[in-house]
């Protein structure tokens, strides 16, 4: 990822010198200028993540500068640095242009100044990542729609994949919007939101790898064999011996099982997890969790609920289900929509 550039604008050289000393060890690249006119030139020729400007400057003042910045570089996060006696001008700027935060002079580096800039940089990065993810989703939609148009032999199957993919895309966007709406609450929440989005996006990438969907015949023995291989034979299993053959989206079922077990292993003790494979009345996979913290994880952990709900949406595309019966249950049930 490219280094963020932060532009500081103030007509007082001593103020810029103080800022330069304050940000010398920060992760972003700092740029400095004494005028709004020069700042605008830098904005036009550089990818500026954040701009922090004084309001009262000769020539182009802070209000005029931020107004032009919004026009030429709308993604740049705008902050105001000004004195208490300019509060009315600051409020007018906030209302008319939109300002992420304002910092009053004199400031405290550790309490006000640096945290505000870091938060603005994080906000810029997460918003940029959000936009890139949306574009990637739109590109995938376009690719599959094109595939649908050109592959006559796969029309029915591809159409279903496109429908399912759009459903999952909508789920991702809903998650993004919920998290993104809370981005400005705290720096910690910014980090958590970014982590959640990456978590969901990694699962989504694995889901896309199962395309085009294949409904195929398989038995429990094959499922168990692949599960043991993928988990390095570290998870205890129980499997019913049977000659029953199932017809379902095998790759999707295996994906859901592996993602769920991987998450539980990360959060709990691997010795407290076991998997049972059953064949009646349909293919059923029961994940048993005996860890004492499982109820707390299920009832109170937002991340766990997010993963469960998202995996449930994935398996529903194949008309299966993912079930936790009640708040006291220590079992997660994966059901296929199988035919024998």
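Nothing in this text is a laboratory measurement; each read-out follows from the coordinates by a stated rule. None of these values were measured; they are calculated from a predicted model. Counting neighbours? That spans all protein chains shown, and the Cβs are built from the backbone with ideal geometry, glycine included.
How many nm separate the modelled label positions at residue 228 and residue 272, each set 7 Å beyond the Cα in the direction of the Cβ?
Between residue 228 and residue 272, the simple spin-label model gives 2.7 nm.
If you average 1/r over every pair of different alpha-carbon atoms in segment 5-107 and take one over that average, what Kirkwood value in Å do you get? Please list the in-between numbers first.
Working: mean 1/r = 0.0744 Å⁻¹.
Mean inverse Cα-Cα distance, inverted, gives 13.4 Å.
How are the alpha carbon pair distances in segment 292-331 distributed across 10 Å bins from zero to the largest one, expressed in percent?
Percent of pairs per bin, in order: 29, 51, 19, 1.
So for 229, 295, fewest C-beta neighbours within 10 Å to most, what's the order? Working shown, then result.
Numbers: 229 9, 295 14.
Arranged by neighbour count, lowest to highest, 229, 295 become 229, 295.
Based on other C-beta atoms within 10 Å, arrange 261, 214 from fewest to most.
Working: 261 21, 214 12.
The most exposed by this proxy come first: 214, 261.
Where does each of 293, 54 land when they are ranked from fewest to most other beta-carbon atoms within 10 angstrom? Write out the running numbers ahead of the final one.
Numbers: 293 14, 54 23.
Taking fewest neighbouring Cβ atoms as first place, the list is 293, 54.
Report for segment 216-335 the percent antiparallel among DSSP-assigned beta bridges with both residues inside it, nearest 5.
85 percent
Counting residues in segment 189-245 as N, plug N into 2.2 N^0.38 Å and put the Cα Rg over that result.
Details: Rg = 16.6 Å, N = 57, 2.2 N^0.38 = 10.2 Å.
Dividing the Cα radius of gyration by 2.2 N^0.38 Å gives 1.63.
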